[in-house]
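Notes follow the structure.
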Amino acid sequence: MSEACKLAAGNWKMNGLRADIEEARRLATLFKEPSCGILLCPPATLVAAMADAVSGSRVMVGGQDCHAHVSGAHTGDISAQMLADSGARHVILGHSERRTDHGETSASVAAKAVAAHAAGLVTIICIGETEAQRDAGDTLAVVLSQLQASVPEGGNAANTVIAYEPVWAIGTGRTPTLEQIAEVHDALRAALPDAAISLLYGGSVKPGNAAEIFAIGNVDGALVGGASLKAAEFGAIISALEEA
Ligand code: PGA
């Protein structure tokens, strides 16, 4: 754990209906005075209702993507200002599923981050190598170049969080070794524009491996997919982070 703020962030991806907002309420009841940040990023359809449901609690709500423009002819897109207006405090940007499914590049991520910061949102910028890149020994070169190109001018600890998510560890149940996570996080810390930026690890974080991952020096929390959908399971990960 570094001096940066601890954050447990849940990425619901394309999961969740209105009834599932109950899980956010449960988390708010379980963690009244958490010693770390707690964030849920549901699909855009649930942002406003979830933000209303947990208002006054310590659970924060975020989006999963935003457009680089404030408004205009962009059918199907959502602006950072709209997310903020719905009660979001954060937005995930450049998740590998968006880089793969929607052709997002580090340059487009940086443009979205500028818009998000202008709207007052904290960006959670995702970076990570594919399995082929790791096998080729390119992991550090890949993540450092993604970091450099994805974080815009003015990115600092107040408006930016970085999530290191190896693409091959997302949703697979496979994780890097603790030494491999430490190697990447140490390299990222040294390259950050502001050393106090929080560094999250993401990719198959579960209650069973959270404590050992949070014991790594430069890991400040996690971006959690599947295990964030239920308050009981995500709660166990949050507890591990509180204790780290
Ligand atoms: P996972 O997803 O925890 O289900 O592996 C993490 C992520 O994609 O953010």
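Quick rundown of the values:
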{"item": "Hull volume in cubic angstrom per residue (convex hull over the Cα atoms of the chain)", "result": "110 Å³"}
{"item": "Within-13-Å neighbourhood charge of residue 164 [Cβ basis; K, R +1; D, E -1]", "result": "-3"}
{"item": "Intensity falloff of region 29-145 expressed as log10 I(q)/I(0), Debye formula with alpha-carbon point scatterers, at q = 0.13, 0.16, 0.22, 0.23 Å⁻¹", "result": "-0.57, -0.79, -1.17, -1.23"}
{"item": "Residues with amide H under 5 Å from that of residue 12, placed H, sequence gap 5 or more", "result": "41"}
{"item": "Percentage relative contact order, the chain, counting C-alpha pairs under 8 Å, at least six apart", "result": "23 percent"}
{"item": "Net charge over other residues, Cβ less than 11 angstrom from the Cβ of residue 59 (K, R count +1; D, E count -1)", "result": "+4"}
{"item": "Solvent-accessible area per residue, Å², over region 7-232 with all protein chains present [probe radius 1.4 Å]", "result": "42 Å²"}
{"item": "Fraction of accessible area attributable to carbon and sulfur, region 7-232 (%, probe 1.4 Å)", "result": "53 percent"}
{"item": "Computed over region 1-79, Cα set: Rg, Dmax in Å", "result": "14.2, 44"}
{"item": "Mean projected area in nm² (Cα convex hull; one quarter of hull surface) for region 156-244", "result": "5.6 nm²"}
{"item": "Kirkwood-type radius of region 60-112, with distances r between different C-alpha atoms, in Å", "result": "11.4 Å"}
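The values are calculated or read from the model by the stated rules, or taken from the named source; none is laboratory data. The structure displayed is predicted, hence computed values, not measured ones. Every residue, glycine among them, receives a Cβ derived from its backbone with ideal geometry; neighbour counts consider all protein chains shown. These accessible areas exclude ligands, DNA and RNA; they are computed on the full protein's heavy atoms, side chains included. Shrake-Rupley method; radii C 1.70, N 1.55, O 1.52, S 1.80 Å.
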